[in-house]
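Structure record follows, encoded as structure tokens.
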Amino acid sequence: MSEVPPVPDDPIVEEVRAAVDRLHLGERYRALDRQPEFPRTEFRALGEAHLLGLHTPSRFGGRGLPLPRVAVALFHLAYGGGTTFAKLALQPEFSSVLAEHGSDELVDRWFRPMVRGELLVGNHLTEPGAGSDAAAIATTATVDGDAFLLEGTKSEAAFALDADAAIVFARVARETPDAGITAVLVPQGLPGVDRALGAGDLGERWQRRGSITYHQVRVPRDHCLGAEGSGFDYVRSELTRERALLAAIYLGVARASWDETVRYVGERRAFDRPLATQEGVAFPLVEDGAHLSATWLYVRDTLERLERGESVDGAAALAKWMASEVALRTLDHAIQFHGGRGYSRALPHEQRWRDVRSGPIAHGPSEIMHLVAARRLWRRNPPPGTGTERP
Ligand SMILES: Cc1cc2nc3c(=O)[nH]c(=O)nc-3n(C[C@H](O)[C@H](O)[C@H](O)COP(=O)(O)OP(=O)(O)OC[C@H]3O[C@@H](n4cnc5c(N)ncnc54)[C@H](O)[C@@H]3O)c2cc1C
């Protein structure tokens, strides 16, 4: 298993490990579960360490690392600091629509400071009536002179109270299902923005999710990101990148528990011999190790292809699905083989499991990931007689 991730001589590994130790990210990860808050101090410190915006082009203040190297960095951040700090490192990536399609003024005001860890931009796509089927959103942006009037409610959003601004997806026109969805940058301090915390989550509590209602919020038209009506196209390509990168995070978290479990079952004795010598313990662990390795190779291959400019929406969707499934199974075995303490808060495995459990839901449920991959498959291999064959 030493080949996971298979580039141990990449200097980013030592850099990330040093940051994890220096900033005590492992300890903070555990503490944030008990006292959920947005970790602004660590976010700022990650910015100062140039660990935010790893893939973000240098012209926007990021590192511009190729995607496979970003995955290595995220894997190690997740290995040492759980999902929390690896996801924070991806936060500028989650806002790439702002960098790529916002005006210079908006990028200077909101995006560059985020890469420095000084402020936070959230994403508001999901609504009470539109999640998996995001094209069904109902929030409207009505043109009123040089402004939009935003009306609608966003739900399930991370950083509901903590984001300084948000990329809000709203409908300008209704002609076709996708048409008219526009991305708008909305400072969260504007009059008419009403934010509320949700009921509290199973894991990743530091994200403090909730809902945001926009009551006739007046947003300057120049806060529109890119072309009106193109918001959905922009977010699709962002989602492909982020799904493949999230997969690296789930694998890093699971690998930490796998390593700890392999060590533990070698030491813990039952029935006069180490647990490791029981096939019922050893076989699931070797399977988990193989699944983690194989999934890592799939994720890396997907990111290499994406870096080369290939279209990998289906593979990225499957990478997220596969990595979250493999990680959850590995974490479940870690809980099981640590026995009673595994089920308790004394050890990190249950927290890691709760955190990774968002994987098959957030950024698109697993069923939708299958749908994306299936569409891709049939687009390449149209069933005869469906009228979808390539000319
Ligand atoms: C930790 C976390 C953070 C999040 N952060 C944000 C955020 O910052 N901003 C934001 O906008 N949203 C955010 N979300 C919301 C997330 O994107 C949605 O929850 C997700 O897209 C699913 O939408 P939904 O909850 O409305 O589920 P629904 O659309 O109601 O679907 C419920 C379930 O039905 C199944 N399902 C749906 N459609 C199909 C289908 N066609 N075939 C088979 N099964 C199907 C799936 O199992 C799905 O999970 C976050 C969610 C989580 C858990």
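Selection over region 104-141 of residues that are in contact (Cβ under 8 Å) with a residue 24 or more places away in the chain, over 19 Å from Ser58 (Cα atoms) and among the acidic types (Asp, Glu) gives a count of 1.
If you check Arg243 against the conditions, is it surrounded by 21 or more Cβ atoms within 10 Å (Cβ to Cβ) and basic (Lys, Arg)? Reasoning before the result, please.
Working: surrounded by 21 or more Cβ atoms within 10 Å (Cβ to Cβ): yes; basic (Lys, Arg): yes.
When the stated conditions are applied, Arg243 passes them.
Within region 332-381, work out how many residues are within 23 Å of Ser293 (Cα to Cα), in a helix (DSSP H, G or I) and within 16 Å of the ligand (Cβ to nearest atom). Qualifying residue count, region 332-381: 10. Listed by first and then second residue, the pairs linking a residue in region 317-335 that is without any contact (Cβ under 8 Å) to a residue 24 or more places away in the chain to a residue that is part of a helix (DSSP H, G or I) and acidic (Asp, Glu), with Cβ atoms under 9 Å apart and 6 or more places separating them unless they lie on different chains, are Ile335/Glu350.
So, in region 317-371, exactly how many residues are hydrophobic (A, V, I, L, M, F, W, C) and either outside the structural domain of Arg268 (by TED's automatic domain parsing) or surrounded by fewer than 16 Cβ atoms within 10 Å (Cβ to Cβ) (or both)?
The initial filter retains those residues of region 317-371 that are hydrophobic (A, V, I, L, M, F, W, C), namely 317-319, 321-323, 326-328, 331, 334-335, 337, 346-347, 353, 356, 361-362, 368-369, 371.
Checking the rest, the ones that are also either outside the structural domain of Arg268 (by TED's automatic domain parsing) or surrounded by fewer than 16 Cβ atoms within 10 Å (Cβ to Cβ) (or both) come to 346, 361, 371.
Looking only at that region, the number is 3.
Across region 101-120, the qualifying residues are those that are outside any loop (DSSP other than H, G, I, E, B) and either more than 22 Å from Arg221 (Cα to Cα) or in contact with a Leu (Cβ under 8 Å, 6 or more places away or on another chain) (or both), and the one among them that is nearest to the ligand (Cβ to nearest atom) is Met114. Take the conditions (1) more than 11 Å from the ligand (Cβ to nearest atom); (2) over 20 Å from the mean Cα position of the chain (by Cα); Val97 misses just one of them, which is (2).
The values are calculated or read from the model by the stated rules, or taken from the named source; none is laboratory data. All values reported here derive from a predicted model rather than from experimental measurement. Methodologically, a virtual Cβ is constructed for each residue, glycine included, from the backbone with ideal geometry; neighbour enumeration extends over all protein chains shown.
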